[in-house]
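Chemist: Here it is, the structure in full.
None of the figures in this text is laboratory data; all of them are computed from the coordinates on show. In this text, all values refer to a predicted model and were calculated from it rather than measured experimentally. Glycine gets a Cβ as well: all are built from the backbone with ideal geometry, and neighbour counts include every protein chain shown.
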């Protein structure tokens, strides 16, 4: 697979990942914004409102009818937090032209539709359609409430907020319910116009096509768009931890949710990043990890217990669902496993299992165009090159001493505990999903 980037317009880039592996090509148009409380909710709302209709296809029914004609092509909105940036936009999947029964140029069709949706929405010239705006506001509020109802998600979110208070990373990419409620059709349209003019735009294509021709079509779509690009700051990396913050909150649920936030300061840019990946996998990243095998299986202290890093910000989170009365012993057991890795108490077999688990996860990326796009887009946003195979190769030479050093860099910053106040069997359905 080849990767090539082209300039489409000022602050607009096109990256093509050439592969004939998939029958469906994947295209994404991504606005890159600093994650900011004043704009997060509006940015989150923009893609879904745009997908309600445009000048050529003014309703969702019109859009869907056209997509059905294009062999059931698909459109979806995107809104993500990547480090301290907010990435929002529109994704499209369309059958490769070579499978079109009558030789239709399906990719050109979908590029035209995406361009129309992005640049010619349903407005009165000064505001988005009021009904579309209100409907999508309600959908976003429902999504925020759904995240609150998923207590594992909520606990990690609260730990992140407390751990990164005063940092962009502590904000939600959806904003708050109050932020969403305050949005009007006029204010949303103004933010949309600001995004078109000022935010960097990264377009990503995965599939096979004449890339020069695709670039020309996209240049035509964005021709005449006035651009004055703002810079998106790099994430603030905090490496030193002074005092550990401890936050306990009560909620009427059965389980307790314990989240431990750590700072390592090791990001995608750092030479010891592969060692940090290996450390996390041994500590709590997989089914052969110490947290899973010992804290969950042998000690039976947790319904789930795992760790995961944020490679943009240099953080690591341990998430666990526990009986409330097991809080202290579970936290101690988790810290004991961390200390064991720091002392080098892990075997060659554990290192091998960690390596194979990571390599397998990179191999699985190639199973979907969207998975590949997400991985490469993330590395592009971080300013880091390389392919999944390159990372696998770097992992293969990580030493035990480097893993120990990575473990020692991971310092506990914040311990958050959501204390369930209900009595029950601990079963909370999807709330147990970390």
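Chemist: Taking the beta-carbon count within 10 Å as an exposure proxy, list 403, 90, 144, 230 from fewest neighbours to most. Please report the intermediate quantities before stating the final value.
Modeler: Values: 403 28, 90 22, 144 19, 230 14.
Listed from fewest to most nearby Cβ atoms, that is 230, 144, 90, 403.
Chemist: Students often get this wrong, so try it: which of (i) 21.0, 75; (ii) 33.0, 126; (iii) 23.1, 67 is Rg and Dmax of the Cα atoms in Å as calculated from the structure shown?
Modeler: Comparing each candidate, only (iii) matches the computed number.
Chemist: Based on other C-beta atoms within 10 Å, arrange 376, 416, 99, 362 from fewest to most.
Modeler: On the way: 376 21, 416 25, 99 11, 362 16.
Ranked by crowding around the Cβ, least crowded first: 99, 362, 376, 416.
Chemist: Please report the relative contact order for the chain, taking Cα pairs under 8 Å with a sequence separation of at least 6, and give it as a percent rounded to a whole number.
Modeler: Details: 777 pairs, mean separation 94.4, N = 434.
Taking the mean separation of contacting Cα pairs over the length of the chain, I get 22 percent.
Chemist: Once R0 is set to 41 Å, what does the formula 1/(1 + (r/R0)^6) return for the Cβ-Cβ distance between residue 72 and residue 225, expressed as a FRET efficiency to the nearest 0.05? Numbers along the way, then the final one.
Modeler: On the way: r = 30 Å, r/R0 = 0.74.
Computed FRET efficiency for residue 72 and residue 225: 0.85.
Chemist: What FRET efficiency do you get for residue 347 and residue 147 if R0 is 25 Å and r is their Cβ-Cβ distance, rounded to the nearest 0.05? Could you put the intermediate results ahead of the total?
Modeler: Working: r = 39 Å, r/R0 = 1.55.
It comes out at approximately 0.05.
Chemist: Let me ask something additional. Give me the percent relative contact order of the stretch 245-432, please, defined on Cα pairs under 8 angstrom at least 6 residues apart.
Modeler: Values: 308 pairs, mean separation 81.8, N = 188.
In percent, rounded to a whole number, it is 44.
Chemist: Follow-up question, since we're still on this one. Compute the relative contact order of the stretch 129-245 as a whole-number percentage, counting only Cα pairs closer than 8 Å that sit 6 or more residues apart in sequence.
Modeler: On the way: 42 pairs, mean separation 30.1, N = 117.
Relative contact order, the stretch 129-245: 26 percent.
Chemist: Here's something else I'd like to know. Going by Cα centres, the stretch 217-236 and the stretch 358-410 are how many Å apart?
Modeler: 28
Chemist: Assuming 0.890 mPa s and 25 °C, estimate D for the stretch 245-432 with Stokes-Einstein, Rh taken as the Kirkwood radius over Cα pairs, in µm²/s.
Modeler: Details: Rh = 17.4 Å.
Answer, rounded: 141 µm²/s.
Chemist: Same structure, new question: Give me the angle, in degrees from 0 to 90, between the Cα long axis of helix 327-342 and the longest principal axis of the Cα atoms of the chain, rounded to the nearest 10.
Modeler: Around 90 degrees separate the two axes.
Chemist: Let me ask something additional. Relative to the longest principal axis of the C-alpha atoms of the chain, give the angle of the C-alpha long axis of helix 40-50, reported between 0 and 90° and rounded to the nearest 10°.
Modeler: 40
Chemist: Measure nothing but the geometry: give the 0 to 90° angle between the long axis through the Cα atoms of 369-381 and the longest principal axis through the Cα atoms of the chain, rounded to 10°.
Modeler: Approximately 80 degrees, to the nearest 10.
Chemist: Moving to a separate point now. Tell me, 249, 162 in order of fewest to most beta-carbon neighbours within 10 Å? Intermediate results must be reported in sequence, preceding the final value.
Modeler: Details: 249 13, 162 19.
Arranged by neighbour count, lowest to highest, 249, 162 become 249, 162.
Chemist: Figure the gain on full extension for residue 190 and residue 300 (residue separation times 0.36 nm, minus the Cα-Cα span) and round it to one decimal in nm.
Modeler: Details: separation 110, 0.36 × 110 = 39.60 nm, distance 5.34 nm.
Stretched fully, the residue 190-residue 300 segment lengthens by 34.3 nm.
Chemist: Label the stretch 2-222 by shape, choosing from rounded, prolate and oblate, from the square roots a ≥ b ≥ c of the eigenvalues of the Cα gyration tensor; if a/c is under 1.5 it is rounded, and otherwise prolate applies when a/b is larger than b/c, oblate when it is not.
Modeler: Taking the square roots of the gyration eigenvalues as a ≥ b ≥ c, the stretch 2-222 is prolate.
Chemist: Summing -39500 (n - 2.57) over the DSSP H runs of n ≥ 4 in the chain and dividing by its residue number, what mean residue ellipticity at 222 nm do you reach, to the nearest 500 deg cm²/dmol?
Modeler: On the way: 14 runs with 172 residues, N = 434.
That comes out to -12500 deg cm²/dmol.
Chemist: If you don't mind, there's one more thing I want to ask. What distance in nm separates the simple spin-label points at residue 408 and residue 389, each placed 7 Å from Cα in the Cβ direction?
Modeler: About 3.6 nm, to one decimal.
Chemist: Spin-label point model (7 Å from Cα, Cβ direction): what's the residue 80 to residue 59 distance in nm?
Modeler: Calculated label separation equals 3.4 nm.
Chemist: Report the convex hull volume per residue for the stretch 245-316, counting only C-alpha atoms, in Å³.
Modeler: Value for the stretch 245-316: 100 Å³ per residue.
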